[in-house]
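Computed from the coordinates by the stated procedures, all read-outs in this text should not be read as laboratory data. Since this is a predicted model, take the numbers as computed values, not measurements. Cβ: placed from backbone, ideal geometry, glycine included. Neighbour counts: every protein chain shown.
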Amino acid sequence: MADGAAGPQNPPPDAAVLIGLDADHWAVLLPYVRAALMDIDDDRLGERGVRLRAAPTGRLAGGPGRRELCELVAAPDIWNAIRAEILAVDPVPDHVAWVVAGSATASATGPALEPAGAASAPADDRGRQRSLRERERLKRARDERDAARRRADGAEARADALVRDLEAAREELEVLRRRVLELEQQARDADGERTRAVDRERRRRDAEIAELRDQLAELRRADDQRRAAQRRQADERRRTAAERSTANRGTEEESDSGREATGTTTRIVPGRPSRLPPGVVPGTTEALDLYLHRGRRVLVDGYNVTLKHRTELDLERQRAWLVQALGNLARQRGVRPTVVFDGASVGGQQRSGGGREVTVRFSGQDITADDDIVFELESTDEPILVVTNDRELTQRCQQSGADVVPADQFIWVLR
């Protein structure tokens, strides 16, 4: 073998010869091929050689990987590197001795080799030892091949599992995508329904506002009509008062003429407020008698009088008592009484219980009796006597120029 190794290097076999080797011979040759590739530079191997060198043994044991590797090994420089790797082993295994011998042909079961020398007993022993070593190498190669196949099978099984997982993930992703689309559609539908609900509520609110505005306008028109009616009534009362005042003035002038002849003057001077004669003190019974002259208008704060002096009666009987008493006063003294009550549902004015001499008014829901009395004072210039115990109403009436007497004093006149 040493002589063969020292001789000139023979050309490499054809790639078809290497591809035609049986699995056992290729399994013995493959480790030397991989070891030789590890010693060759990347630039010398090229891109394909680097890729094959990094490939697992199972991929190079057969199929396209083996074919591609055989084509690479058939190159002269790669083949010579493989021969050098085999020659480094002493002795050279019989199964790869044809690589060193440079045989260019191979049978279906391996290369045809000629004996290197005559057979001898020591040579037989060495041959048996080499055969044992070759068998051991072959066994290791087969074990490595089987392990590579098992790894390949496991990798393929894992790849199949990953593919199944990927398909399952894709299906789940598709389900989630459809669910997202459904939720987006539901959100759009809900948003549309919300918009429609807001529009309906806006239209309903606008209709309510329009109705309230119409009602407010109607209430304003009614209030304007009520105020106009009150102004007309006030004008009518002023005209009547002026006529009565003229008539009373003539009567009083005749009385004054008689008093002047006797040297006495007890007549009140009408005005806003009225002027009492000298020596008459306001708040006395004498002053009240002068206030209650014929034709004098008297405004009475109804419940302010009855709730203090007729508490044993209910409201209806209190009103009846006061109206009856004012009617008697009107017939006795010739005054023109008007009584104003708070908050009765009747509203407006009416004559009740006291006959034609007494005017009964109810303030209604939007105004108090106090305000009604003050409004009456401000709507006329006629001298008016107000009967109330209310301090605030007293101040308001005095500011308007009216004469005011307490209800406690006025009640004695009614009795």
Exercise. When the convex hull of the C-alpha atoms of region 274-327 is computed, what volume per residue in Å³ does it have?
Worked result: 97 Å³
Seminar exercise, completed: In this structure, the FRET efficiency calculated for residue 275 and residue 311 from their beta-carbon separation, with R0 = 35 Å, to the nearest 0.05, is 0.45
Exercise. Can you sort 79, 321, 412 so the residue with the fewest Cβ neighbours within 10 Å comes first?
Worked result: 412, 321, 79
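Add +1 for every Lys or Arg and -1 for every Asp or Glu among the other residues with Cβ under 12 Å from the Cβ of residue 325, and state the total.
On the way: positive: 310, 319, 331, 415; negative: 357.
Summing Lys/Arg as +1 and Asp/Glu as -1 gives +3.
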Seminar exercise, completed: Protection proxy (average C-beta count within 10 Å per residue), highest first, orders 37-46, 292-301 as 292-301, 37-46
Exercise. How many nm is it between the label spots at residue 239 and residue 342, if each spot is 7 Å from the Cα in line with the beta carbon?
Worked result: 3.5 nm
Problem set entry | Bridge type composition, region 266-414 - antiparallel percent by DSSP, nearest 5 | 20 percent
Exercise. Once the Cα gyration tensor of region 266-414 is diagonalised, what are the square roots of 5 times its eigenvalues, in whole Å and ordered largest first, as equivalent ellipsoid semi-axes?
Worked result: 24, 17, 14
Exercise. How many percent of Cα pairs in region 29-89 exceed 17 Å?
Worked result: 29 percent
Exercise. To the nearest whole percent, what portion of all C-alpha pairs in region 127-232 is separated by more than 19 angstrom?
Worked result: 79 percent
Exercise. Residue by residue, what Karplus-based ³J(HN,Hα) values in Hz, rounded to whole numbers, does region 293-307 have, using 6.51, -1.76 and 1.60 with θ = phi - 60° and x for Gly and Pro?
Worked result: 7, 4, x, 6, 7, 10, 9, 10, 6, x, 5, 4, 8, 6, 5
